Each structure stands twice: as structure tokens, then as C-alpha cells.
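The values are calculated or read from the model by the stated rules, or taken from the named source; none is laboratory data. All values derive from a computational prediction rather than experimental measurement. With ideal geometry, Cβ positions are generated from the backbone for all residues, glycine too; neighbour counts draw on all protein chains shown. Note: accessible area is taken over every heavy atom of the protein model, side chains too, but ligands, DNA and RNA are not part of it. Shrake-Rupley method; radii C 1.70, N 1.55, O 1.52, S 1.80 Å.
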Amino acid sequence: QVQLVESRGGLVQPGGSLRLSCAASGSIFSINAMGWYRQAPGKQRELVAAIGRGGSTNYGDSVKGRFTISRDNAKNTVYLQMDSLKPEDTAAYYCNADLLRRGSGRFEEYWGQGTQVTVSS
């Protein structure tokens with residue numbers, strides 16, 4: 001059994017900051033890419049940021065220069081530092097990991113349960 005557990009989001013004022021974390025636990029042998037996606041009401045889920053095991057990163061155009069993704073491989077944890085938040089960043093944020101379970105022969109994609117981030121004054 002594998003779980004991805006995200007930290008609680010919250011309500012933030014425009015221009016503010018928030019840090020999300022997501023810890024993968026269970027019978028994990030290895031994790032490749034980890035990332036964050038978000039979905040606003042009435043919109044499709046979109047990539048926010050992703051990070052490879054070696055630290056290479058990829059960001060969605062709308063968050064470049066404002067968000068920073070990082071990871072701690074020893075803790076199987078990925079972080080998302082969100083700065084200069086805007087109302088349009090309001091969405092449910094989902095953690096994602098491409099991982100290999102112990103005893104499995106292939107990497108599979110896992111998702112967290114989602115955490116709400118609301119940017120509003």
C-alpha cells in the first residue's frame with residue numbers, strides 16, 4: 001500500500017506565500033518524478049511543477065518565477081513553495097509521484113487526495 005499525503009492548504013491574501021508538502025509512504029522501492037498539479041472549478045487539471053529524482057525541474061508557464069519545487073529523496077517528500085500568490089492560483093492542488101512499489105515490476109503513477117489553496121483578500 002502506498003500513500004501520498006499532502007499538507008493542508010489554506011486561505012492566503014494576494015501577494016502572500018504558502019508552502020505545501022507531500023510525503024509518500026508505504027512499500028516504496030524507488031521514486032522517479034514527483035510533482036504538483038492543480039485544478040480550478042470548471043477547468044482541466046494542469047501541471048504546476050515537477051522535479052526529477054536528480055533535481056531537474058519543470059514549471060507551468062503561469063507559475064514560473066513565483067513557485068519553487070524541491071524534494072528530499074531521503075524522506076520521499078516533495079515541496080512546493082508558492083510566493084507572490086494571485087487569485088488565479090486558487091485551486092485544489094494535487095501531489096503526484098511516479099514510483100516503483102516493492103515487488104512490482106513497473107513504475108506507476110500515484111496521486112494525493114488534494115488540498116485546497118484559496119487566494120483572496
- Task: Please list the non-local residues whose amide H lies under 5 Å from the amide H of residue 90, H modeled 1.01 Å from N, same-chain partners needing a gap of 5 or more.
- Result: 119
- Any idea what log10 I(q)/I(0) is at q = 0.14, 0.24, 0.26 Å⁻¹ for the stretch 71-121, Debye with uniform C-alpha scatterers and no solvent? -0.52, -1.01, -1.09
- Spacing of the two label points (7 Å from each Cα toward its C-beta) at residue 25 and residue 74, in nm: 1.9 nm
- Message: With a cap of 12 neighbouring Cβ atoms within 10 Å, and only residues DSSP puts in a loop, list the trypsin sites (Lys or Arg not before Pro) found in the stretch 43-77.
- Response: 43, 64
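For residue 45 and residue 121 in one chain, what is 0.36 nm times their gap in residues minus the Cα-Cα distance, to one decimal in nm? Provide the component values of the computation, followed by the final result.
Working: separation 76, 0.36 × 76 = 27.36 nm, distance 2.45 nm.
Here the segment from residue 45 to residue 121 would lengthen by 24.9 nm.
What fraction, in whole percent, of alpha-carbon pairs in the stretch 1-71 exceed 18 Å separation? Show your work: numbers first, answer last.
Details: 1204 of 2485 pairs.
So the pairs more than 18 Å apart make up 48 percent of the total in the stretch 1-71.
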- Quantify, in whole percent, the carbon and sulfur part of the accessible surface of the chain (1.4 Å probe; protein heavy atoms only). 44 percent
- Which distance in nm do the two modelled labels at residue 64 and residue 106 give, with both placed 7 Å along the Cα-to-Cβ direction? 3.3 nm
